[in-house]
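These notes are about the structure you will find just below.
Throughout, read-outs are computed from the coordinates displayed, never taken from laboratory work. The structure presented is a predicted model; accordingly, all values stated were derived computationally and were not measured. Glycine gets a Cβ as well: all are built from the backbone with ideal geometry, and neighbour counts include every protein chain shown.
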Amino acid sequence: MAKLYFKYGAMGSSKTANALITKFNYEERGMKVWLIKPSIDVRDGADVVRSRIGLRAEATVITPDKDIYETFLSQPRFDVIIADECQFFTAKQIDELRRIVDKLDIPVLCYGLRTDFLTHLFEGSRRLFEVADSITEIKTICSCGKKAIVNARIDENGKVVTQGGQIMLGGNDSYVAMCHSCWRETIEKQQN
């Protein structure tokens with residue numbers, strides 16, 4: 001029986017690398033993988049998923065208005081769906097992935113962030129916490145050695161940012177994974 005999986009972690013936890021390795025493993029066994037990503041993620045090209053360690057693959061781009069269930073039905077037969085940056089999907093789209101699992105018995109593996117730079121859940125992540133069969137944290141560490149759970153947004157001077165829109169695409173130049181106590185202490189020091 002297929003399941004809906006949510007594999008989440010802070011920035012730098014190798015979520016995308018895990019997604020691409022999983023894709024490779026399915027394909028090595030002769031299975032067809034539908035790799036998808038939200039249209040907002042254009043950092044490495046509109047239809048490319050790329051990890052920080054250099055793994056990459058072409059992906060189908062999903063716009064916010066696209067019905068993933070109907071789009072899946074119009075595709076050639078796939079054995080599994082892997083979704084990268086799933087935090088950017090709408091709650092409705094997560095429900096459509098859930099429907100694929102339930103109605104078509106196709107496993108769906110979603111990889112993404114849990115929270116934004118202010119520790120608030122993203123819409124897609126929230127819905128995955130509500131409806132996923134399996135929820136797994138992909139861990140990474142703060143510079144102090146503790147488990148990192150905060151995606152701290154930093155400015156060009158390396159200062160932690162505490163204002164702005166929820167979504168700002170970036171990598172190591174814009175975000176750093178921190179434990180909550182280091183994040184809070186850094187903000188407090190900057191305010192003094």
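One table, with the values for the structure above:
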{"quantity": "Sites H120 and E58, calculated FRET efficiency, Cβ-Cβ separation with R0 45 Å, nearest 0.05", "calculated": "0.90"}
{"quantity": "Total charge dipole magnitude, the chain, about the Cα centre, Cβ charges on Lys, Arg, Asp, Glu only, Debye to nearest 20", "calculated": "500 debye"}
{"quantity": "Solvent-free Debye scattering, log10 I(q)/I(0), computed from the Cα coordinates of segment 52-181 at q = 0.13, 0.14, 0.23 Å⁻¹", "calculated": "-0.63, -0.72, -1.44"}
{"quantity": "Nearby lysines by direct alpha-carbon distance to K15 (threshold 20 angstrom, same-chain neighbours under 8 apart not counted)", "calculated": "K3, K7, K23, K37, K139, K146, K147"}
{"quantity": "Positive-pole candidate from P107, V160, L97, dipole of segment 69-192, charges at beta carbon", "calculated": "V160"}
{"quantity": "Estimated FRET transfer efficiency (L104, E130; beta-carbon r; R0 25 Å; 0.05)", "calculated": "0.75"}
{"quantity": "FRET efficiency, K189 to Q166 (Cβ-Cβ, R0 22 Å, nearest 0.05)", "calculated": "0.35"}
{"quantity": "Beta bridges per DSSP with both ends in the chain, % antiparallel, nearest 5", "calculated": "35 percent"}
{"quantity": "Label-point gap, in nm, between I141 and K92 - each point 7 angstrom along Cα→Cβ", "calculated": "4.4 nm"}
